[in-house]
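Visitor: Sharing a structure, written as structure tokens. Questions coming.
Please treat every number below as a calculation from the coordinates, not as lab data. Predicted, not measured: the structure shown is a model, and the values here were computed from it. Here Cβ is always computed from backbone atoms with ideal geometry, including for glycine, and neighbour counts include all displayed protein chains.
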Amino acid sequence: MNFDDLKNEWADDISKDIPLEIKKVPLDKTRSTIDRLKINMRREFFGLGLSYFFIFLAFFFMSKPYLSFLIGGTACFILLMQTIYFCYHCYVFYKQLERYDLSLRKNIRKIAYDLELNIERYKTYAFCSMPIGILTGVAYLNTDRVSELLKQTFYAGSIVQVKPLLITGIIIIFAQLLSYYLSKRHIDWQYGRYLKELKQVMNDLEEEN
């Protein structure tokens, strides 16, 4: 057996041990999807930070009773903790997008998984923050004049009136459902469509195999 035969056999043995090459992903399509996703995330971060800045600024500079300030301040703190938790995971995901090699199918699968996980986090955050937002809004409006109006509406002497409380409860439930629906539509438009595009890329690659 000559040297060329030995070299060919050695190359064949190596090829058996090396995993098959990972199928490449169409870069133009995936990079465009990821770039648009990152732009939307930056806008979301900026808008969220700006809105909370004005909320907290207005709350702490508005004159209100001590109890209202305590309730509103606690609600703002809980809302802030929820927001920090949500934004932290989104920021980690955003930074990961910059490190992935978008030509590899396994990375596209990982991005799609993380994106879907963050979408579910966003929906949960939007649903849970609504009651805290309502509580904060009530604390905003709870001046002496508004407090007197609420007492006249909900109390008849020392007895609580059921009808105004029932109407208020229905309004709050309706506001919760409406906000969930609108936030879901917003999330699907901002991020859900890019998740569908990434899944479509993976489906196309699977069909080619």
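Visitor: Taking only Cα atoms of region 83-146, what ratio of Rg to Rh do you get with Rh as the Kirkwood inverse-distance radius?
Guide: Ratio of gyration radius to Kirkwood radius for region 83-146: 1.28.
Visitor: Is there a pair in LYS95/LYS184; LYS29/LYS123; LYS29/LYS106; LYS110/LYS184 whose C-alpha atoms are over 20 Å apart, and which pairs would that be?
Guide: Beyond 20 Å between Cα atoms: LYS95/LYS184; LYS29/LYS123; LYS110/LYS184.
Visitor: If each of PHE45 and ILE172 carries a label point 7 Å out from its Cα toward its Cβ, how far apart are those two points in nm?
Guide: 3.5 nm
Visitor: Compute the signed sum of charges (Lys and Arg +1, Asp and Glu -1) over the other residues within less than 11 Å, Cβ to Cβ, of TYR100.
Guide: Residues close to TYR100 contribute a combined charge of +3.
Visitor: Calculate the FRET efficiency for ARG193 and ILE84 from the Cβ-Cβ distance with a Förster distance of 30 Å, rounded to the nearest 0.05.
Guide: The value I calculate is 0.65.
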